[in-house]
1. Out of Leu81, Leu52, which single residue is within 30 Å of Lys41 (Cβ to Cβ), open to solvent by less than 50 Å² (accessible area, probe 1.4 Å) and modelled with pLDDT of 95 or more?
2. For segment 146-160: of the residues being assigned to a helix (DSSP H, G or I) and in contact with a helix residue (DSSP H, G or I) (Cβ under 9 Å, 6 or more places away or on another chain), which is most open to solvent (accessible area, probe 1.4 Å)?
3. Would you mind finding the one in Leu116, Leu94, Leu87 that is surrounded by 17 or more Cβ atoms within 10 Å (Cβ to Cβ) and outside any helix (DSSP H, G or I)?
4. Here's a check for you: in segment 55-68, which residue that is out of contact with any Phe, Trp or Tyr (no Cβ under 9 Å at 6 or more places or on another chain) and among the hydrophobic types (A, V, I, L, M, F, W, C) is most open to solvent (accessible area, probe 1.4 Å)?
5. Please list, ordered by first then second residue, the pairs with beta carbon atoms under 9 Å, 6 or more apart or interchain, first in segment 43-69 and farther than 14 Å from Ser202 by Cβ and without any contact (Cβ under 8 Å) to a residue 12 or more places away in the chain, second part of a helix (DSSP H, G or I) and open to solvent by 50 Å² or more (accessible area, probe 1.4 Å).
6. Restricting the first residue to segment 145-162 and requiring it to be in contact (Cβ under 8 Å) with a residue 60 or more places away in the chain, which pairs with a second residue that is open to solvent by 30 Å² or more (accessible area, probe 1.4 Å) and of a type in the set (Phe, Trp, Tyr) meet a Cβ separation below 9 Å and a spacing of at least six or different chains?
7. Just checking, how many residues over segment 20-37 are in a helix (DSSP H, G or I), within 22 Å of Lys60 (Cβ to Cβ) and open to solvent by less than 60 Å² (accessible area, probe 1.4 Å)?
8. Considering each residue of segment 14-40, count those that are within 22 Å of Trp161 (Cβ to Cβ) and either at pLDDT below 95 or under 11 Å from the mean Cα position of the chain (by Cα) (or both), and give that number.
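The values are calculated or read from the model by the stated rules, or taken from the named source; none is laboratory data. The structure displayed is predicted, hence computed values, not measured ones. Please note: Cβ atoms are built from the backbone with ideal geometry, for glycine as well, and neighbour counts cover all protein chains shown. Note: areas computed on protein heavy atoms with side chains; ligands, DNA, RNA excluded. Shrake-Rupley method; radii C 1.70, N 1.55, O 1.52, S 1.80 Å.
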Amino acid sequence: MKRLLLLLYLISAIISNAQVIDYNNFDESLMNMVMFDEMNKYVKKIHNGDSLIWSSVVQKDVMSDNYNFMKSNSSQHLMKLHNPKWLGRGWNDLPDTIRVKIIEEMTTKYPKSEFLKANKLENFDVYSAFSYTEILHSITYSGNYPQITYQDVAKGAIKAWNNSPPHAMYMNANYKNSVIVGVTTFFDRKRKTIFISFVHVS
């Protein structure tokens, strides 16, 4: 299963490298995979081969909720699109119901991951808090859409986050293969805006 997911990401990355965005058929799922791929390459480059871990649990239980929140509030200022459902908790922790699912996923799919060691997930009774961090990016077009690729959008997001000290702190932290992530994209056709939510759970 792990090899299949890896193959899918590699294929999507190869395809997206030359794929100019068709805004009439914007592919949000493809944008998610490209964003993960570009961020993963970035992390590997700055930290000598470290990598991010894709979590289907985070995608299903967290990012789908973030997607709906962005979609329902896309007229708001970007900073107001942080999903309040996950904020205001101690250490911004995710609920235990989700944390248990993450434990099971990591134990099954990534039994030797640094994430397990860092969070002591080998002991189901005692495990450290999960820190939830979301960074957001949006790009709005006026006039004609530019001829760019999904990869261009992802690289633009990384550059923008690096230009903001608080965001750069999360992006450039040395997680040592012990962070899992989720990505979701919402394309607001009416406002000609792409919204990207990128979440770190460590």
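1. Exactly one of Leu81, Leu52 is within 30 Å of Lys41 (Cβ to Cβ), open to solvent by less than 50 Å² (accessible area, probe 1.4 Å) and modelled with pLDDT of 95 or more, namely Leu81.
2. Lys155
3. Among Leu116, Leu94, Leu87, only Leu94 is surrounded by 17 or more Cβ atoms within 10 Å (Cβ to Cβ) and outside any helix (DSSP H, G or I).
4. Among residues in segment 55-68 that are out of contact with any Phe, Trp or Tyr (no Cβ under 9 Å at 6 or more places or on another chain) and among the hydrophobic types (A, V, I, L, M, F, W, C), the one most open to solvent (accessible area, probe 1.4 Å) is Val57.
5. Here the result reads Lys60/Lys101, each pair linking segment 43-69 to a residue that is part of a helix (DSSP H, G or I) and open to solvent by 50 Å² or more (accessible area, probe 1.4 Å).
6. Lys155/Tyr42; Ile158/Tyr42
7. To start, the set of residues in segment 20-37 that are in a helix (DSSP H, G or I) comprises 23-25, 28-37.
This time we only want the ones that are within 22 Å of Lys60 (Cβ to Cβ), so: 28-37.
Then drop every residue that is not open to solvent by less than 60 Å² (accessible area, probe 1.4 Å), which leaves 28, 30-37.
Count: 9.
8. 12
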